[in-house]
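The values are calculated or read from the model by the stated rules, or taken from the named source; none is laboratory data. Note that the structure is predicted; figures quoted are calculated from it, not measured. Cβ: placed from backbone, ideal geometry, glycine included. Neighbour counts: every protein chain shown.
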Amino acid sequence: MIHSGEKTSILSAVTTLKSSLANFIEPDFELLGHLLSLQVLDRRQIAKVRSERTVYERNDALLDLLTSEAQCGKFLEALQRTGQQHVVNFITENGGR
């Protein structure tokens, strides 16, 4: 897990990598529930994400809601909990750069 204070902030990495991340995050199986339980998003925000038609649009809507370093840290935790370690690695390695 990345902790704030390291070279690149998680928020900065998520923002920079947003278009790539939208292609391979899996939001539909448990991720949104974990984001709700971790208090990253509220029920209204979850409903907004779920209302989007395609997985790409759901990912775009989800990523648009991540606006703080704390949210992004919990987002990484939710990704780990849902077996999406490859996404965590992509973010923490700043897209492999």
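Tabulated values for the structure
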item	result
Per-region count, segment 24-49, residues closer than 19 Å to GLY83 by Cα and within 12 Å of the chain's Cα centre (by Cα)	9
Boolean, ASN23 is crowded, with 18+ Cβ neighbours inside 10 Å, in contact with a Phe, Trp or Tyr (Cβ under 9 Å, 6 or more places away or on another chain) and of a type outside the set (A, V, I, L, M, F, W, C)	no
Count of residues meeting criterion [in a helix (DSSP H, G or I), in contact with an Asp or Glu (Cβ under 8 Å, 6 or more places away or on another chain) and within 16 Å of ASN23 (Cα to Cα)] in segment 81-97	0
Subset of segment 14-71 (residues that are of a type in the set (Ser, Thr, Tyr) and not in a helix (DSSP H, G or I))	THR54, THR67, SER68
Residue under evaluation PHE29, criteria (1) touching a Gly at 6+ places or on another chain (Cβ under 7 Å); (2) at pLDDT below 95, criterion not met	(1)
Qualifying position, being among the hydrophobic types (A, V, I, L, M, F, W, C) and surrounded by fewer than 17 Cβ atoms within 10 Å (Cβ to Cβ), among ALA13, ALA61, ALA70, ALA78	ALA70
